[in-house]
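Peer 1: Right, I'll just put the structure down here and ask away after.
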Amino acid sequence: VLSQKTGISLSTLQGWSVVLKENNVQADSLAVAMTKLSRSVVDARNPASEAANTFRQLGIDIAKLSSTEDILKAIADKFKDMPDGVDKARFATDLLGRSGLDLVSVLNRGGKAFDESKDAAKRYAAILDSVQTKTVMLADDAMDRLDVAATALKNQLGSVFSPTVL
């Protein structure tokens, strides 16, 4: 689950679905970028690290931020006022990896865009409660098992009937 990979709650990710969709950001890109951001945050705990230097250059004190979401929104607030170009691309890749470039269009909108996305997702009923989420996950697991069973049936039938076809 993307939430487990990124450390961002499922309801937050569902809330971000609008801004991500509007900017053609795929879940895989977000997962890779958030994984790299987590590593950057851990590395930045060492004040002599490149990550710490990058956060300093952006004027972000990660010690004052409590979550990955807060850090990402702080980065977005800095990107909003920064001109496009090589510096922005460098900051994106340094902190978020190559997938960070996929997020630049979202980050350019500032941290407020994530909050606006959550509001829109609520209006569209795109944020599921815990019971709905559990039900969807169970249904997804059932579909995965059905896919495995269908593939197994195809293979079994193929092994039985292939001698008569050949």
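The values are calculated or read from the model by the stated rules, or taken from the named source; none is laboratory data. Since we're looking at a predicted model, the values are computed, not measured. So basically every Cβ, Gly included, is an ideal-geometry build from the backbone, and we count neighbours across all protein chains shown. Surface accessibility is based on the protein's heavy atoms, side chains included, excluding ligands, DNA and RNA. Shrake-Rupley method; radii C 1.70, N 1.55, O 1.52, S 1.80 Å.
Peer 1: Of Ser17, Ser67, Ser38, which has the largest mean-square fluctuation in a 10 Å C-alpha GNM of the chain?
Peer 2: Ser67
Peer 1: Can you work out the Karplus-derived ³J(HN,Hα) for every residue in region 154-166? Use 6.51 cos²θ - 1.76 cosθ + 1.60 with θ = phi - 60°, whole Hz, and x for glycine or proline.
Peer 2: 4, 5, 5, 5, x, 5, 6, 9, 4, x, 7, 7, 7
Peer 1: Could I ask something else about it? Do any of Lys36/Lys78; Lys5/Lys154; Lys78/Lys134; Lys5/Lys78 go past 29 Å between their Cα atoms, and which?
Peer 2: Table pairs above 29 Å Cα-Cα are Lys5/Lys154; Lys78/Lys134.
Peer 1: Please calculate the 1.4 Å probe accessible area of Thr35, with all protein chains present, and give it to the nearest 10 Å².
Peer 2: Counting only protein heavy atoms, the figure is 50 Å².
Peer 1: Highest GNM mean-square fluctuation, the chain, Cα pairs closer than 10 Å: which of Leu146, Leu138, Leu101?
Peer 2: Result for the chain, Cα springs under 10 Å: Leu146 fluctuates most.
Peer 1: If you don't mind, another one. Gaussian network model of the chain, Cα springs within a sub-10 Å range: biggest mean-square fluctuation belongs to which of Met137, Met82, Met34?
Peer 2: For the chain, modelled as a Gaussian network with Cα springs under 10 Å, the answer is Met137.
Peer 1: If we count every other residue with Cβ under 12 angstrom of Lys80's Cβ, Lys/Arg +1 and Asp/Glu -1, where does the sum land?
Peer 2: Residues close to Lys80 contribute a combined charge of +2.
Peer 1: Sorted from largest down, what three extents in whole angstroms do the Cα atoms of the chain have along their principal axes?
Peer 2: 70, 38, 28
Peer 1: A further question follows. Show me the trypsin sites (Lys or Arg not before Pro) within region 49-123 that DSSP assigns to loop and that have at most 15 other Cβ atoms within 10 Å of their Cβ.
Peer 2: Details: sites: Arg56, Lys64, Lys73, Lys78, Lys80, Lys88, Arg90, Arg98, Arg109, Lys112, Lys118, Lys122, Arg123; in loops: Arg98, Arg109.
Qualifying residues, ordered by number: Arg98.
Peer 1: Could you provide, to the nearest whole Å², the per residue accessible area of region 18-115 with probe 1.4 Å? Walk me through the numbers on the way to the answer.
Peer 2: Values: 5140 Å² over 98 residues.
On a per-residue basis, region 18-115 sits at 52 Å².
Peer 1: Right, another one. Round to the nearest 10 and report in Å² the accessible area of Asp81, as given by a 1.4 Å probe over the protein chains' heavy atoms.
Peer 2: Asp81 has an accessible surface of roughly 130 Å² with all protein chains in place.
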